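These notes concern the structure reproduced below.
The values are calculated or read from the model by the stated rules, or taken from the named source; none is laboratory data. Since we're looking at a predicted model, the values are computed, not measured. Here Cβ is always computed from backbone atoms with ideal geometry, including for glycine, and neighbour counts include all displayed protein chains. For the accessible areas, the whole protein counts, side chains as well, though only heavy atoms, and no ligand, DNA or RNA atoms are used. Shrake-Rupley method; radii C 1.70, N 1.55, O 1.52, S 1.80 Å.
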Protein chains: 2
Amino acid sequence: MTAPIHSHIFPNGLVLVAEPRPSLKSAAFTFLAPAGCVHDPADRSGLSGFTCEMTLRGAGSRDSRQFILDLDNLGVERSESVSYAHTSYSGATLAENLPAALLIYADVLRNAHLPEDQLEAGRLGMLQELHAVEDEPAQKVMLELRRRHYPMPWGRPAQGEEKALQDANLGDIREYYRRHFQPKGSILGVSGRVDWESLKDLVGRLLGDWTPGATESIEEQPAVGNYKHFPYESNQTQIGIAYSSIPYRHPDYFQAWGAVGVLSGGMSARLFTEVRERRGLCYSVFAMYHTLRHIGGIFCYAGTSADRAQETLNVTLGELVRLAEGVEDHELDRLKARIKSSLVMQQESSSARSSSVAFDWYHLGRSRTLDEVEQLIDALSARGINAYLKEHPPQDFTVVTLGPHQLEMPDGVL
Amino acid sequence: MTAPIHSHIFPNGLVLVAEPRPSLKSAAFTFLAPAGCVHDPADRSGLSGFTCEMTLRGAGSRDSRQFILDLDNLGVERSESVSYAHTSYSGATLAENLPAALLIYADVLRNAHLPEDQLEAGRLGMLQELHAVEDEPAQKVMLELRRRHYPMPWGRPAQGEEKALQDANLGDIREYYRRHFQPKGSILGVSGRVDWESLKDLVGRLLGDWTPGATESIEEQPAVGNYKHFPYESNQTQIGIAYSSIPYRHPDYFQAWGAVGVLSGGMSARLFTEVRERRGLCYSVFAMYHTLRHIGGIFCYAGTSADRAQETLNVTLGELVRLAEGVEDHELDRLKARIKSSLVMQQESSSARSSSVAFDWYHLGRSRTLDEVEQLIDALSARGINAYLKEHPPQDFTVVTLGPHQLEMPDGVL
């Protein structure tokens, strides 16, 4: 069913990984630069995001305006984001426009102007985004949950902090760009109608002579964990619950994935059924797996009215704890049917695949075809997942709530 | 580039329109039932949404649980929504599972149980969703904008009102279902790997003997328009601005589309450039076209900090008014490049296409291929758009703001 995957490691460390899909007319790329927010200095939280914003304001032969005009002229649907580990640039367009788009992004990575006359407009944009989160309690509770659940600095939000963004100057941004935008640790994932050999040649010409720098290690502080309530005037309460899991690279990853799928994959999954359908307790409830390279976590969210918040918390925690008792074959069968269908649809999207092959490489040092993923999922059994759950029961929860009242934590869950 | 479109009108009025895409492995459907919220009785705002929620709680031979289990077993990625004109059910799955999925949805449309023992859980779900909007000011401001800009009941939000949802009983829901779920006005759009003749036979067997009912006309009240401020404790201000446009079925539609594209399509478009990039005034700004069958509207949003709200409003309104002075060829060329790329990506998604062919039929009584859309867009010229803008300048704005302070309206814009 799926296309083969090609990869090449350039001498400077840059990885190119591509999945040619001749039946498509589009091509998409995802560029991961090793410039994540874990590298923000302690008093400059948000510097990575601010740097990313500034890299889009002119690079190489293009000023800020020309950069935007050229990408629009090429029909590139683009997005950027900063995660704990990467600054990521993605784009999708007609296959014939891919080379011209990569040429522009090579400049973003190597020759950004970081212009002084746009510093304040960039800063205002960053501050606006930070303030916007204050008005989105569902997003805020999940940011706080991740911040408290992961060992610092891994849970740090890329949005940064008000004072740090106010204080950051052009020197900070140029220094961050110089140190963290480099080929070692960079991964370019491509999917769509591309010819592998021509693509490899092109990327070699654009980025083959990019000079590698030093990689920096991260000093880890223990996680805060526990329960924290943030008072918030509203008739709604936002609940976030997290517990630890294994990372994506772990040999048992698909067992962990299967367990969280039974909890929260599809309408028939346990959380949706027990919390929303049967009891009508909340308007939204889910659990999702998230991974760093060395650890993972399960992050649950429930949004509910304040007067039903305690019951929602109790029922949701109850389902998480009950998961350790195991999953059943029919639950797993449904999950497999759902995922099979979603893999086919993923295969039909060049954007989704360009991001998956890059993500895989970061975590595994190789990229899986969708056929391989399908085989790994086919091989799952309830017995295997239950053995995993016995060893890794959901426990030691981190809980964050946002709403008018603090909630009571049931005994033994923290 | 694109696939031909087949359509069939069954004797009972049901329309089937399908775009077979043999290169895909998935198939998607969008079912529009003529059960929009404009048909909610005046004291039962939200009844259409409540009815939709209840149709998913058991139909035909399946109870609520079995319905969800069967769809998950078929790998159907589903969603439902209620708009002013339709209750819509969408799904995408492996092509071979499409017939089984349609069989289930035929029961949702014709034989929903609307079970008494799930009424309260359904009601709680509806109320939770209504309350959640209160915590999402960006969504709230756009709902209020539409409510005030369109003649009533066309701008009515499908979420409904607290008291109406509290008061609605099972009799209301059954009556709404009986009157508005019917073949006359129903459209089933399909895209993906399907065989047209077999699909037509299947749909004929499932829905060909569905009995048509009467169609109901809508009594229209004048729009409220003007400026309305909603006080909201926050350091952010949400701004919504609307003005009237022609409907999708109008021969000049693509001129109107081109004008709003120059305003807000892509990063190089005017609103993003002037409001966000140059001035850093806000974290998000856009304008989008929306259509009813007989009228259309342009709806703009800007989210900003309270202290920059007045300037943001002034600059945004200034750009809207300035649009009447016309667009330039290079702006239109970029828009064409962007849309060409996005049409190709749309063609690669069976879900997007199943919804487009159904949408087209509702508005036009036929469905356009992507080739036809591309030709219409290629034919656009700045001269043509400017002639349109001279006749239809943005004016008579409806404005809604949500934040700590009321704003001052510049002269002559309301």
**Cα-based helix-to-principal-axis angle, B:64-73 vs chain B, degrees rounded to 10** = 80 degrees
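Not counting the cut sites, what is the longest span of chain A without GluC sites (Glu not before Pro) that DSSP labels loop and that have at most 15 other Cβ atoms within 10 Å? Display every interim value, and only then the final one.
Numbers: sites that count: A:Glu216, A:Glu219, A:Glu220, A:Glu233, A:Glu328, A:Glu408.
The longest such stretch corresponds to A:1-215.
From other protein chains only, count the Cβ atoms within 10 Å of every residue's Cβ in B:305-312, then give the mean.
Mean partner-chain Cβ count within 10 Å for B:305-312: 1.
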**Complete:** If one compares the long axis through the Cα atoms of helix A:382-391 with the longest principal axis of the Cα atoms of chain A, the angle in degrees, nearest 10, works out at 90 degrees
**Prompt:** Once both axes come from the Cα atoms, what is the angle between helix A:170-180 and the longest principal axis of chain A, in degrees from 0 to 90, rounded to 10?
**Reply:** 80 degrees
**Fill in**
Of the accessible area of region A:172-269, computed with a 1.4 Å probe and all protein chains kept, carbon and sulfur make up a percent value of 46 percent
**Asked** Sequence-distant or interchain residues sharing an amide H contact under 5 Å with B:Tyr227, placed H: which?
**Response** B:Val399
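Relative contact order for chain B: what percent, with Cα pairs under 8 Å and sequence separation of 6 or more?
Over chain B, the number comes to 23 percent.
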**Drop in accessible area of at least 40 Å² in the complex versus isolated chain, residues of region A:132-173, 1.4 Å probe** = A:Asp135
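Report, as an integer, the average count of C-beta atoms from other chains found within 10 Å of each Cβ along B:264-270.
Going residue by residue through B:264-270 and averaging, the value is 4.
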**Request:** Could you work out how far apart the two model spin labels at B:Asp371 and A:Glu216 are, taking each label as a point 7 Å from the Cα in the direction of the beta carbon, and quote it in nm?
**Result:** 5.6 nm
**Fill in**
Among B:Val262, B:Leu414, B:Leu127, the residue whose Cα sits farthest towards the positive end of the charge dipole of chain B, when +1 is placed on the Cβ of each Lys and Arg and -1 on the Cβ of each Asp and Glu, is B:Val262
**Largest to smallest accessible area among B:His39, A:His330 [probe 1.4 Å]** = A:His330, B:His39
**Message:** Skipping prolines and chain starts, which residues have an amide H placed within reach, meaning under 5 Å, of the one on A:Gly13, given they are 5 or more residues away or on another chain?
**Reply:** none
**For A:Cys52, solvent-accessible area (1.4 Å; no DNA, RNA or ligand), Å²** = 10 Å²
**Request:** Please list, in chain and number order, the residues 5+ apart from A:Gly185 or on another chain whose amide H is under 5 Å from its amide H, with Hs placed from the backbone.
**Result:** none
**Mean accessible surface per residue for the protein assembly as shown, computed with a 1.4 Å probe while every protein chain stays in place, in Å²** = 38 Å²
**Request:** Determine ³J(HN,Hα), in whole Hz, for all residues of region B:313-321 in sequence, where each value follows from phi through the Karplus function 6.51 cos²θ - 1.76 cosθ + 1.60 and θ = phi - 60°; x replaces Gly and Pro.
**Result:** 4, 4, 5, 5, 4, x, 5, 5, 5
**Message:** Mean-square fluctuation check for chain A, GNM, Cα pairs under 10 Å: which of A:Ala352, A:Ala106, A:Ala42 is largest?
**Reply:** A:Ala42
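Give me the summed buried accessible area for the A-B pair, 1.4 Å probe, to the nearest 100 Å².
Buried: approximately 5100 Å² between B and A.
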**Message:** On a straight-distance basis, which aspartates and glutamates could pair with A:Lys163 in a cross-link, Cα separation under 20 angstrom, same-chain partners fewer than 8 positions away excluded?
**Reply:** A:Asp40, A:Asp43, A:Glu53, A:Glu116, A:Glu120, A:Glu129, A:Glu134, A:Asp135, A:Glu144, A:Asp172, A:Glu175, B:Asp307
**Fill in**
Counting only protein heavy atoms with a 1.4 Å probe and every protein chain in place, the carbon and sulfur fraction of the accessible surface of region A:74-143 in whole percent equals 51 percent
**Item:** At most 16 other Cβ within 10 Å, DSSP loop - trypsin sites (Lys or Arg not before Pro), region B:161-212
**Value:** B:Lys184
**Asked** A:Lys163 versus A:Ser234, label points 7 Å from Cα toward the beta carbon: distance in nm?
**Response** 2.6 nm
**Prompt:** Taking springs between alpha-carbon atoms closer than 10 angstrom, which of B:Ser186, B:Ser198, B:Ser245 fluctuates most in the Gaussian network model of chain B?
**Reply:** B:Ser198
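Cα gyration tensor of the protein assembly as shown, axes a ≥ b ≥ c as square roots of the eigenvalues: rounded (a/c below 1.5), prolate (a/b > b/c) or oblate?
Here the protein assembly as shown falls in the rounded category.
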**Prompt:** What list of whole percents do you get for P(r) of chain A, with Cα-Cα distances grouped in 10 Å bins up to the one holding the largest distance?
**Reply:** 5, 20, 28, 27, 16, 4, 0
**Request:** Pull up the cross-link candidates among the lysines for A:Lys340, meaning alpha carbon to alpha carbon under 20 Å and not fewer than 8 places away within one chain.
**Result:** B:Lys25
**Using θ = phi - 60° and Karplus 6.51 cos²θ - 1.76 cosθ + 1.60, couplings along region A:3-10 (whole Hz; Gly, Pro as x)** = 7, x, 10, 10, 8, 8, 9, 6
**Fill in**
The aspartates and glutamates whose Cα lies under 15 Å from the Cα of B:Lys200, excluding any fewer than 8 residues away in the same chain, are B:Glu19, B:Asp209
